[in-house]
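Comments concern the structure below.
The values are calculated or read from the model by the stated rules, or taken from the named source; none is laboratory data. Keep in mind the model is a prediction, meaning the values are calculated, not measured. Cβ placement follows ideal geometry from the backbone for every residue including glycine, while neighbour counts extend to all protein chains displayed. Quick note on the areas: whole protein, heavy atoms, side chains included, nothing else; ligands and nucleic acids left out. Shrake-Rupley method; radii C 1.70, N 1.55, O 1.52, S 1.80 Å.
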Amino acid sequence: MLIGLLSTGGSPGVTTTTIAVGAMWPGPVVVVDADPSGGDILAAAGGAVEADRERNLLELMRLGRQSHLPEVLDSQITVLPTGVPVVAGLGHPGQAGAVSWTDLAEGLRAVNDRDVLVDLGRWGMPYAPAPLLWACDVVLLVVRTQLRGLRRAERALPLIAEDLDRHNPGAGSVNLLVVNDHGPYAIADIARRVGVPVLGELPLDTQTAAVFSDGAAPGRHVDRSPLVRALRSEEHTSELQSRQYL
């Protein structure tokens, strides 16, 4: 299954959320950084950054042209200290024009021995990975509970839905994954305001988030942190399973 996570701006934490979800995924998974603005997923690798810098999305694409992409996927994976296998993204935005997002989408769709979580970055960016978005089985828009981000989501969601319907008719609709940063809107209010279902809610837990995003040392009680508890909660997992996303 190919699952894409993206934002409409406002720094809701798509990369951190994608890594965190990957860390708690109940089966084999790989996280792919396809943010066209340049990936920073290796920041979560700590001291392994330099050693694994040559493993990245462009190299995966180069090898994939010579062979079947799923066969070379493992060669481009870096395993983060949290245990999450990732494919690092672009070194800088100028490289995005060299990526065939259509070829990458076809290659990742062919991966059948694990699920693929893709960080799509911000919707509407130059050289945005639109064909990769269209190919996803599930699309999750990550938003926070503050008004500015919700207004962006309100404006963008009809365009995203129209784009998906035009290029991938019958595909599942976009769902929200809400990072609750103590804004003025409750989850039910957000679903009504934006007009799409809220698939899940995660707390704004900056200390634990730094473990996933920056390679920070986990505290003694990280397993009991709000973020990890939310990702592991039976209610959250049941909701995903009921929608046949796991």
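Collect the residues in region 135-171 that are touching a strand residue (DSSP E or B) at 6+ places or on another chain (Cβ under 6 Å), not in a strand (DSSP E or B) and not aliphatic (A, V, I, L, M), keeping them in residue-number order.
Across region 135-171, the qualifying residues are CYS136, ASP137, THR145, GLY149.
Return the residues of region 161-195 that are surrounded by fewer than 18 Cβ atoms within 10 Å (Cβ to Cβ) and of a type in the set (A, V, I, L, M); say none if nothing qualifies.
Listed by number, the residues that qualify are ALA161, ALA171, ALA186, ILE187, ALA188, ALA191.
Restricting region 76-89 to residues that are more than 15 Å from the chain's Cα centre (by Cα), open to solvent by less than 50 Å² (accessible area, probe 1.4 Å) and of a type in the set (A, V, I, L, M), which is farthest from VAL31 (Cα to Cα)?
LEU80
Answer yes if at least one residue in region 117-127 is among the acidic types (Asp, Glu) and under 28 Å from GLY215 (Cβ atoms), and no otherwise.
yes
What pairs come up if the first residue lies in region 124-149 and is on the phi > 0 side of the Ramachandran plot, the second is assigned to a loop (DSSP other than H, G, I, E, B), and their beta carbons are under 6 Å apart, counting only those six or more places apart or on different chains?
Filtered contacts from region 124-149: TYR127/PRO36.
Based on this model, can you work out whether SER37 counts as open to solvent by 30 Å² or more (accessible area, probe 1.4 Å), touching a residue at least 40 places away in the same chain (Cβ under 8 Å) and out of contact with any Ser or Thr (no Cβ under 7 Å at 6 or more places or on another chain)?
Details: open to solvent by 30 Å² or more (accessible area, probe 1.4 Å): yes; touching a residue at least 40 places away in the same chain (Cβ under 8 Å): yes; out of contact with any Ser or Thr (no Cβ under 7 Å at 6 or more places or on another chain): yes.
Yes; evaluated as a whole, the condition is true for this residue.
Specify which of the listed residues (ASP163, ASP103, ASP119) is touching a Ser or Thr at 6+ places or on another chain (Cβ under 7 Å) and either within 21 Å of LEU58 (Cα to Cα) or of a type outside the set (Ser, Thr, Tyr) (or both).
ASP119
Here are some conditions: (1) of a type outside the set (Ser, Thr, Tyr); (2) surrounded by fewer than 14 Cβ atoms within 10 Å (Cβ to Cβ); (3) modelled with pLDDT of 85 or more. GLU235 meets all but one. Which one does it not meet?
Looking at each condition in turn, GLU235 falls short on (3).
All but one of (1) among the hydrophobic types (A, V, I, L, M, F, W, C); (2) open to solvent by 80 Å² or more (accessible area, probe 1.4 Å); (3) within 16 Å of ALA191 (Cα to Cα) hold for LEU140; state the number of the condition that does not hold.
Exception for LEU140: condition (2).
What are the residues in region 104-134 that are outside any strand (DSSP E or B) and open to solvent by less than 20 Å² (accessible area, probe 1.4 Å), if any?
Those that are outside any strand (DSSP E or B) and open to solvent by less than 20 Å² (accessible area, probe 1.4 Å): LEU104, ALA105, GLY107, LEU108, VAL111, PRO129, LEU132, LEU133.
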